[in-house]
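Worksheet for the structure shown next.
The values are calculated or read from the model by the stated rules, or taken from the named source; none is laboratory data. If you're wondering where the values come from, they're calculated on a predicted model, not measured in any experiment. Backbone-built Cβ (ideal geometry, glycine too); neighbour counts: all protein chains shown. These accessible areas exclude ligands, DNA and RNA; they are computed on the full protein's heavy atoms, side chains included. Shrake-Rupley method; radii C 1.70, N 1.55, O 1.52, S 1.80 Å.
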Amino acid sequence: MTNDPATMTTRPPAQLSVACVDDDTLIRLGFAELLRNLGDVRTYDNATALVRDAPDVDVVVLDLWLPGSTDPNHPAACLQGAGAVREIHRLGYPILLYTNERRREVLAACLAAGAQGIVHKTEPFAAVEHAITVVAAGGGVITTELAGLAEAVTARGDMPSLSPRQLDVLRGRARGESFKAIGARLFISPKTAEAYMGEVSKRFASFLATHSPADLERYLGVGVGDLLGPQPGCEECTAREARTPRGA
């Protein structure tokens, strides 16, 4: 995923245009000011607005944690995390993630969803500007603040995955629900719910040896409202997740 800058052919900054999607007003204002030398810089406070506007830009710089749309009927409502990456990638934009997120499983999943690079928000702004030019040229970049992520991306094909039903049971156990309660909620028997959790335990045995189901849910980013999970109260998010295996 990383590229040697010396071997990359990048376009002059003046030929680039950028859309910045971030719910932090100061970050949006900062991008508009600091990237003036790139040319046109457009800013959005949520991914839904970007998808609706479909601007003519070379790169989308995307924060992963974003508020939901105020229009719940819009097909891109509540987009954040991997869901936002998939939708923006589907429109054909190169995507650079600009985030405080550090969970390697979560970031690897967002890269797999279509992002081409990640810059951590602790990096100097010069690293952001350079990463934008690399991504615009078709390259990939992971900055030094996220050392070890490239290895996680490479190994991702060997990472255990969970089915939607296994995720449902994990979320229930993460909140302290009994198998009886989970079974009643999902219209399955308690024994079946226990079997689903057994499969989860087998796949993440080393992690669960020293961590709880709630820890595993956070580690994978699959909880309700998390970056790889459905958004609270959003039927479209829940339906989208049911159609998409974890991390796809």
Next item on the list: Sort out which residues of the range 104-131 are free of Cβ contacts under 8 Å to residues at least 24 places away in the same chain and either assigned to a helix (DSSP H, G or I) or on the phi > 0 side of the Ramachandran plot (or both), and write them in order of number.
Entry: Ala126, Ala127
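Per-residue answers, yes or no, for (1) among the aliphatic types (A, V, I, L, M); (2) at pLDDT 90 or above; (3) farther than 20 Å from Leu16 by Cβ:
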position: Ile88; (1), (2), (3): yes, yes, no
position: Tyr93; (1), (2), (3): no, yes, no
position: Leu96; (1), (2), (3): yes, yes, no
position: Gly114; (1), (2), (3): no, yes, no
position: Gly117; (1), (2), (3): no, yes, no
position: Thr133; (1), (2), (3): no, yes, no
position: Gly138; (1), (2), (3): no, yes, no
position: Leu146; (1), (2), (3): yes, no, yes
position: Thr154; (1), (2), (3): no, no, yes
Next item on the list: Taking Glu101 as the residue in question, decide whether it is in contact (Cβ under 8 Å) with a residue 60 or more places away in the chain and more than 17 Å from Tyr44 (Cα to Cα).
Entry: yes
Next item on the list: Would you point out the residue of the range 46-60, among those that are more than 17 Å from Gly83 (Cβ to Cβ) and open to solvent by 60 Å² or more (accessible area, probe 1.4 Å), that is nearest to the chain's Cα centre (by Cα)?
Entry: Asp53
Next item on the list: Scan the range 98-120 residue by residue and report those that are over 21 Å from Val134 (Cα atoms) and of a type in the set (Val, Ile, Thr).
Entry: Val106
Check: Is it true that some residue in the range 73-81 is closer than 19 Å to Asp24 by Cα, out of contact with any Ser or Thr (no Cβ under 7 Å at 6 or more places or on another chain), in contact (Cβ under 8 Å) with a residue 40 or more places away in the chain and among the polar types (S, T, N, Q)?
Finding: yes
Notebook entry, point to check: Would you pick out the residues in the range 13-42 that are at pLDDT below 80, surrounded by 15 or more Cβ atoms within 10 Å (Cβ to Cβ) and either under 24 Å from the mean Cα position of the chain (by Cα) or assigned to a helix (DSSP H, G or I) (or both)?
Noted result: Pro13, Leu38
Item checked: Residues that are within 19 Å of Phe179 (Cα to Cα) and surrounded by fewer than 19 Cβ atoms within 10 Å (Cβ to Cβ), drawn from the range 212-222 -> Ser212, Ala214, Asp215
